[in-house]
Amino acid sequence: MVSVINTVDTSHEDMIHDAQMDYYGTRLATCSSDRSVKIFDVKNGGQILVADLRGHEGPVWQVAWAHPMYGNILASCSYDRKVIIWKEENNSWEKMYEYTGHDSSVNSVCWGPYDFGLILACGSSDGAISLLTFSGDQQWEIKKINNAHTIGCNAVSWAPAVVPGSLIDQPSGQKPNYIKRFVSGGCDNLVKLWKEEDGQWKEDQKLEAHSDWVRDVGWAPSIGLPSSTIASCSQDGRVFIWTCDDPSGNTWTAKLLHKFSDVVWHVSWSITGNILAVSGGDNKVTLWKESADGQWACISDINKGQGAVSNEQ
Amino acid sequence: MAARWSSENVVVEFRDAQATAMSVDCLGQHAVLSGRRFLLMVSLEAPFEAPRKISRQSKWDVGTVQWNPHKAESHVFAASSNQRVDLYSWRSGGGEVHTSLQGHTRVISDLDWSCFEPEHLVTSSVDTYIYIWDTRDTRKPTVALSAVAGASQVKWNRRNHCLLASSHDGDVRIWDKRKPNTAVEYVAAHLSKIHGLDWHPDNEYILATSSQDNSVRFWDFRQPRKYLNILSCQVPVWKARYTPFSNGLVTVMVPQLRRENSLLLWSSLDLNNPVHAFVGHDDVVLEFQWRPQKEGSKDYQLVTWSRDQTLRIWKVDTQLQKLCANDLVEDLMEGMSLTTESEKILPSPDHESATHISGQLADDILDQDGLLNSTGRHDPSGLPQTLQQEFSLVNLQIRNVNVEMDAVNRSCVVSAVFGTIQVRLVVKFPAHYPNNAAPSFQFVSPTTIPSTMRTKIQKILTDTSLQKVKRNQNCLEPCVRQLVSCLESYMTQEDSGAANPYLLTNPVTPALPAFPRVTNTYGSYQDANIPFPRTSGARFCGTGCLVYFTRPITMHRSVPTTEPTPRSLSALSAYHSGVLTPLKMRTESQSTLRLYGGSPTRTDKDPVSISSFYYKERKPLQSGLRRWSMQIAHDCPKSRRFKTKREGAEYGNRPIKLAGKVIIQEISCLLPVHKALGEAYILNVNDIQDTCQKNAAAALALGRRDVAKVWALASAATSLDLSPDCESDPDTDTPWARHPFGRHLLETLLDHYSKMSDIQTLAMLCSVFRTQGCSQMSDVQTLAMLCSAFRTSGCPQDYFSLYGQHAPGRSTQIPPHHSRYPSYTSSSMTSGSCSSTSDSTTTTTWNVGRDPEHIPPWGESSPDDYRYANQPYTDPREREKELHDMNKKLLDPTNTLQFDDFKKYYGEILHRWGLKEKRAEVLKFISCPPEPHRGIEFGVYCCHCRSQACGTQCAVCKRFTFQCAICHVAVRGSSNFCLSCGHGGHTSHMMEWFRTQDECPTGCGCRCLLQSTF
């Protein structure tokens, strides 16, 4: 039974732009145009405001929780060109690091898989993507991919930590040699894949299908299968599912999930990577699932029948 | 602020006037006050002079009086008196009725001069007719509109000479004077009587109605079903009229017992709170009119007449006007040349009454205003199609930039001045533009930028335009913005002295100085490359949750839903630029922030917000009222009569919800993995049969019948009866795994559940069949091989420490030294100051005394991987046997890594569920080790000969490697030692010692307790 287990009244003074729960699903972080980030304890259907983080000087677009093995860490990015990394120490949330290396609004932040260490990717409207790696002792190592997307980068999403190439060819017994990869989407209507080689980030693939700005990308979690899947959505209302069964990771095929009538600005994969949540300018959320024969079908309209969204006609 | 609410600068009392109507002439010289006995002519230049009088002597009050708005006829005014309209002419200090219009059979309710034809006057009456008179032929009306119902108001459209509107109780009818038989549009505007009607001064489709039902509503009569916006008041609204400057609105309420007589000035961009209250009149305000602006003056004057028999003139200065405009961009543009008031009206995308373009073009457009249904010029997509339309819609209010557009010659000239740089760019549009035909860009004198720069900018502009026209989109505005950002970055280059030409390769990133400007430019054109913010979204979180947020139910987009959400944040500029038509009005944005006058700390520069894009369709009347009353209390703190209204204050403070709720939904039923199963599943390697059966029962209990069946199959497939004898001869016996019901069956199952993404079933199957593989076949043999392979290397036991304890079925076969005990000892030797009694320390021992380059890490010892360890098989029989062993396994050993990934990922999910023990159970079956320990490692060196030691006795000098500092006996078991001085001993002894002491028991002087972590 799909059921609402909690309704959190955030008391934000302006519109909310992102909401995300932590690894265990016990805490909720929200961010808003009121320039604040709030953290709620939502255990057992409750709602306790844990922190109201002020530090951004503009609307806050997105938040991201790091893997808990590094502590309780939250990253937020804002119109004010800043990325702030917050950390909970002794039950109080403090600014751990503030990154000001972008020249325009930072639109997206995403933590890499824990296997890669504490690494954060940030996409900005200045066209660049920054990668912040915690090198210990309050130090962050910064790598910047300039002009990753002309005009601007709107979204970043990490690839799961899987061993690239054929699984069989992998020398066994040793620690798998992960290759860090992530995907980004931008105002050049492109979806780009990036790969770290010898400590340098290089453009690996360029996926072209959208006819307008790419608003969000989501790399599906891996459950151990050799294929990779990416979802991308765009201002043009289209959602594409990109799959790559090629062990070398070079051949990506696009499948149109659906064309919506308004901008689609968010895609999110379920933990098993078989359900995609799509949301956009029409104020609706739809869930999509791939059937056994490879067709994507809408399995639910979350807001249907709840009155959460009224018809705008 | 306080100074402003008494900003009247002229108060004149005319005690005996008894005037019911008032009008200001189009030159702003005279106001006529019409009473029953005489008309008073007040000179607005010298209001204190005794007014001239025109005798009237009628038993009827004057219903409406209005001066002719045309300068040529500025001496004429019309006054209605019962069923008749008298036309007066006022010349040289005297006036008289020169003609009367008679035709109505009942009292005339309203009259209005046409602002296009000086002779045309419209009158409405209770007799259900609306007459249009030509004053040159006064015998009968030239047009009679039959309304069936009596009209209370009639007003000419201010942009279209054919259109007029009338109000009939709660309805509004729109008429085209060429179609007198029937109204062209009906608007069921209010539930109660409409008292006031006013056309938008600049938009021919928009009008405001004020009604007895306590509201002012704004309409686009093309969409008669839904008002554009609503201003809710506490009391019936007598009149609501647009201001001559942008976005303002003045209201007068129907007097109630409380005697609320002030006029309120509103910004139509923010209808929550009035911008200003004109307080002063002691009685009902009967009429208010704007005095035409004097030449060169930026201030406006509002002339009001009240039943308190005073005429007041209020000054509305530019600051107050700006509050109506309510915007930031305008502040930015203050230095611009083109912001005279008349030019400030920006067209909305929905209509083309553009005023930005001057002269001929504007006239063209006005000339096109014909019948209503001739509006087929609109492109349904909202994109302008012709060059002329693009010119009329283009928004180029950019500082220092001037654009002259010439639609006839299909060209425009962009001139910009940035400090020392001057640029003049001619853009020529080909005939097919914008259908895949890009305009050309040519710099002409007096452009001062170097030619390399010109070429660069030209290329950028061409690229930009090509990108647009490829999609048949217009490109002028983006190109100009591109040009500006190029020039800006060029400027900063020049300023910084660093002539880096590559900066220009990313011209869309204008070099902005510092943060303070950020807040000012939010949503402005500089944000053209920032995506429009998400206002709703959904995200899978944790394991089975979907977190989503949407816009509040009451927040609606202010543009029609057929139009997609803009892609760029710069679209917001249209919503706060003050040059907005009411079509884009919003009500609920930031009202808490904009308590004008209520919070003096608030600067005028209110932040622009994304919520500006949305408006509340229908605000709850109740809260609207209370907020309003709160506002009054704030605005008029000195006014005692408002004190009684404080009871509403606490409601007024209630914030308006701009943020919707965040909803967390449990969707785990949609997922192929189940927490309940994760809890219920067991992995008992001692009894695989039992494990399968119990798991089958668990799956059945949860309703996963398919999985229950799989477990039943697994139970059958792992039956001991099927397993070949461990020592069977490969030549005589085909292993069960080669049977169709063996590996093939399992692979089919795995394939199926891979497609379902059922990682839970996958991982469990892999675990169960892996144990099956291990325990069923050649444990002893593998063990023997391992032992021989690693005998010299020291620590082969570790493998068994993981596996041995779970395979008691073979425990008798394991040589005694492969039990966990020895490894326990070795770990105790090496574990530093941490207590080593738990077997968790086993991982820290792997590298002790080993050289990883020569000795394969422990993971190599897994039987599956053994094959790849490049161990030379000297004996072909051995090799064959190995192959045979592989073939006997139900899980294909070549896919081991993938199976490991299943388990790892399932382990991750179990971790998220908080089922850590279950996770450990599953991860036990991973062939590949977790990441080897990379931190500090502890080694033991013999204290006598300094050679590295392993075990309790030094291999070199044969003495005990590690003596307890207390009892001087070699330590075998649990030990602790100081990291600083290296002394230590039995844990129990150390504990006892340091309970009372803090120095090392050897007397070395080390303060071990402080130095290390005892």
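The values are calculated or read from the model by the stated rules, or taken from the named source; none is laboratory data. Just so it is clear, the model here is predicted, and its values are computed rather than measured. When we count neighbours, we look across all protein chains shown, and the Cβ atoms used for this are built from the backbone with ideal geometry, even at glycine.
Is it the case that the stretch B:677-684 has a residue that's of a type outside the set (A, V, I, L, M), more than 14 Å from every other protein chain (Cβ to nearest Cβ) and part of a helix (DSSP H, G or I)?
Taking the stretch B:677-684 and keeping what is of a type outside the set (A, V, I, L, M), we get B:678-679, B:681, B:684.
Of the ones still in play, those that are also more than 14 Å from every other protein chain (Cβ to nearest Cβ) are B:679, B:681, B:684.
Imposing the further condition that a residue be part of a helix (DSSP H, G or I) reduces the set to B:679.
Checking the stretch B:677-684: at least one residue is of a type outside the set (A, V, I, L, M), more than 14 Å from every other protein chain (Cβ to nearest Cβ) and part of a helix (DSSP H, G or I).
Residues of the stretch A:278-293 that are touching a residue at least 24 places away in the same chain (Cβ under 8 Å) and within 7 Å of chain B (Cβ to nearest Cβ): A:ASN283 alone.
Of everything in the stretch A:202-221 that's of a type in the set (Gly, Ala, Ser) and surrounded by 20 or more Cβ atoms within 10 Å (Cβ to Cβ), which residue is modelled with the lowest pLDDT? Step by step, filter the stretch A:202-221, then rank; the result is A:ALA220.
Of the strands (runs of 3 or more DSSP E) entirely within the stretch B:184-296, those holding at least 2 residues that are surrounded by 22 or more Cβ atoms within 10 Å (Cβ to Cβ) occupy B:194-199, B:206-211, B:215-220, B:229-232, B:237-242, B:248-253, B:263-267, B:276-278, B:285-291. Taken over the stretch B:143-157, the residue count meeting the criterion of being touching a residue at least 40 places away in the same chain (Cβ under 8 Å) and either touching a His at 6+ places or on another chain (Cβ under 8 Å) or among the aromatic types (Phe, Trp, Tyr) (or both) is 5.
Applying the selection to the stretch A:17-61, what residues are facing chain B (nearest Cβ under 7 Å), closer than 19 Å to B:GLY542 by Cβ and not acidic (Asp, Glu)? Spell out how you get there, then give the answer.
Narrowing the stretch A:17-61 to residues facing chain B (nearest Cβ under 7 Å): A:17-21, A:23-25, A:28, A:30, A:32-33, A:42, A:57-59, A:61.
Going one step further and asking which of them are closer than 19 Å to B:GLY542 by Cβ, we end up with A:18-21, A:23-25, A:28, A:30, A:42.
Hits for the stretch A:17-61 are A:ALA19, A:GLN20, A:MET21, A:TYR23, A:TYR24, A:GLY25, A:LEU28, A:THR30, A:VAL42.
The set of residues in the stretch A:119-137 being within 16 Å of A:LEU190 (Cα to Cα) and among the polar types (S, T, N, Q) consists of A:SER124, A:SER125. Looking only at residues in the stretch B:115-159 that are surrounded by 23 or more Cβ atoms within 10 Å (Cβ to Cβ) and outside any strand (DSSP E or B), the one that is modelled with the highest pLDDT is B:ASN157.
On the stretch given as the stretch B:976-1014, residues that are hydroxyl-bearing (Ser, Thr, Tyr), more than 60 Å from the chain's Cα centre (by Cα) and closer than 22 Å to B:ARG946 by Cβ total 1.
Within the stretch A:217-265, which residues are in a strand (DSSP E or B) and of a type in the set (A, V, I, L, M)?
Residues of the stretch A:217-265 in a strand (DSSP E or B): A:217-219, A:228-234, A:238-244, A:253-259, A:264-265.
The answer is A:VAL217, A:ILE230, A:ALA231, A:VAL239, A:ILE241, A:ALA254, A:LEU256, A:LEU257, A:VAL264.
Residues in the stretch A:229-276 that are surrounded by fewer than 21 Cβ atoms within 10 Å (Cβ to Cβ), within 20 Å of B:TYR548 (Cβ to Cβ) and away from chain B (no Cβ under 14 Å): 1 in all. Residues that are of a type in the set (Ser, Thr, Tyr), surrounded by 16 or more Cβ atoms within 10 Å (Cβ to Cβ) and over 14 Å from B:GLY678 (Cα atoms) within the stretch B:689-720 comprise B:SER715, B:THR718, listed in sequence order.
Under the condition of being among the aliphatic types (A, V, I, L, M) and outside any strand (DSSP E or B), which residue from the stretch A:1-50 is nearest to A:ASP80 (Cα to Cα)?
Once the filter is applied, the top-ranked residue is A:MET15.
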